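Enquirer: Please see the structure below; I have some questions.
Every number in this text was worked out from the coordinates using simple rules, so none of it is lab data. Not measured: the values here are computed from a predicted model. Because the Cβ atoms are built from the backbone with ideal geometry, glycine has one as well, and the counts that use them run over all protein chains shown.
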Amino acid sequence: MVDMDRLDPGSMARVFREALRRGMDVEPAALFHDLGRMRSRIARVRAAFPPGALHTVAIKANPLVEVLRAAVDCGAGLEAASLEEVKLALAAGCPPDHIVYDSPAKTRAEIAEALRLGVRLNADNLDELGRIDELVRPGAAAGRVGLRINPQVGAAGIAITSVADRRSKFGVPLEQEGAVRAAFARYPWLAGLHVHVGSQGCGLALLVEGIRRVEALRQEIRRALGQGAAGTLDIGGGLPVAYRSTDRPPLLEDYAAALRREVPTLFEEGTTLVTELGRWVQAGCGFAVSRVEYVKEDSAGRTAILHLGADFLLRRAYHPEDWHHDFAALDPDAAPKEGPLSPCTLAGPLCFGGDVLARDLPLPELSPGDLVLIRDTGAYTLSMWSRHCSRGIPAVLGVDAGELRVLRERERPEDVVAFWSRGRGQP
Ligand SMILES: Cc1ncc(COP(=O)(O)O)c(C=O)c1O
């Protein structure tokens, strides 16, 4: 079966109308995150795997502390890709042993801080294990340090988010498994393995094969060193979602069933299974709405200028062939716009020619003051906000049990001046 569970444009438009009615800060653009939907996605992950598993949500998909707090409140841990993200996780109230710290560039100071805080960490390479060994106090890191393996299953459909090809910068290549076995024999504090195959673009078979290979290595280590060794397997994230009505991503439940079938030891007692899904949890929870500021027409066609562009949809602007979003036209009161369709280019507000979200999209005729709704913006959009042209981030509103609340206030020009200033409040 395929996962076509998406918010429908009608309900998104209703939420925007309600925000307008309440006089919330939605001009000239606003971002929304449906926390109820996020909770139900997390509940599905928890239901699909054994009760002892630790399910972390990848902060890099959406780092808003209010979003992270809601995830933690319903039992999720958090996956951090930097020490700053570790601090975001703590700010969201995540218990340290539910935080997984992954980064290929951890400094000695960052490793020391992570060990002091008691978070879980996955070393990216064998040299990092050496650094950890210098810093670890005997017994202190028990059960919390893993080692990332590149399963070398090859690139997936999207090159820039594939990380399991031979040239990947991540993890110890599986072909060096002898060195991995030796590391487990040498470092008694090393507790498990970590694998992440890629993000979006990965089919079920590729994800499962990557995990199967690393789990086979973990079983060899356990056979050699005893069943107490390498007790954790962190299977990363990467489960894709639908951005188009024609996309056919797998169901999360089918992913779990395939793992149970192909990698049964992962589900055995004595194994701590960790997941790090980001996009699958967050992408479909988000949507964005922008006013149309101007509409230009010339012999080449019609272009609507919006208040969200490459600053918000960075990947879409630079790699439109890989990163799709659906757009819908609304009238000034956020009712669906009717009328014959004609090609319209949707351009952002930034000062470069590539700041285009869609070219010649068939849309009802847009006028200044109309609105454009952008679907599936909950992951890898705001978290990749670009400061080019220094536009402030719009308000982010949370949709929660029929209520609306501010998750992050709109950045004012003064906030942007502070961002670019010397620091700590000094201009
Ligand atoms: C190590 C690691 N874990 C988890 C994720 C989350 O991936 P996704 O959002 O595709 O689930 C990523 C994303 O790049 C990652 O690098």
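Enquirer: Per the helix-only calculation at 222 nm, which mean residue ellipticity applies to the chain, given -39500 (n - 2.57) for every DSSP H run of n ≥ 4 and division by its residues, nearest 500 deg cm²/dmol?
Expert: Numbers: 12 runs with 125 residues, N = 427.
Taken over the chain, the calculation gives -8500 deg cm²/dmol.
Enquirer: Quick one: angle between helix 35-48 and the longest Cα principal axis of the chain, in degrees between 0 and 90, rounded to 10, please.
Expert: 30 degrees
Enquirer: Taking the Cα centre of each part, how many Å lie between the stretch 337-390 and the stretch 94-162?
Expert: 38 Å
Enquirer: With only alpha-carbon pairs counted, each pair once and no self-pairs, how large is the Kirkwood hydrodynamic radius of the chain in angstroms?
Expert: On the way: mean 1/r = 0.0440 Å⁻¹.
This gives a value of 22.8 Å.
Enquirer: Using Cα pairs under 8 angstrom and six or more residues apart, how large is the relative contact order of the chain, in percent? Can you show the working numbers first?
Expert: Numbers: 927 pairs, mean separation 80.6, N = 427.
RCO, the chain: 19 percent.
Enquirer: I've got another one for you. Evaluate E = 1/(1 + (r/R0)^6) for R21 and C389, where r is the Cβ-Cβ distance and R0 equals 35 Å; express this FRET efficiency to the nearest 0.05.
Expert: Numbers: r = 31 Å, r/R0 = 0.90.
E between R21 and C389, to the nearest 0.05, is 0.65.
Enquirer: Additional query: Need one number: the % of Cα-Cα pairs in the stretch 49-277 sitting beyond the 34 Å mark. If you can, show how the numbers build up before the last one.
Expert: Numbers: 2106 of 26106 pairs.
Tail of the P(r) past 34 Å holds 8 percent of the pairs.
Enquirer: In whole Å, largest first, what are the principal axis extents of the Cα atoms in the stretch 42-109?
Expert: 37, 23, 20 Å, listed from the longest principal axis down.
Enquirer: If the reach is capped at under 21 angstrom between alpha carbons, list the lysines near K87, excluding any in the same chain fewer than eight residues apart.
Expert: Counting by Cα, and skipping residues close in sequence, K87 has these lysines nearby: K60, K106.
Enquirer: Taking every DSSP beta bridge with both residues inside the stretch 298-383, roughly what % is antiparallel (nearest 5)?
Expert: Values: 12 of 16 bridges.
Looking only at bridges with both residues in the stretch 298-383, the antiparallel portion is about 75 percent.
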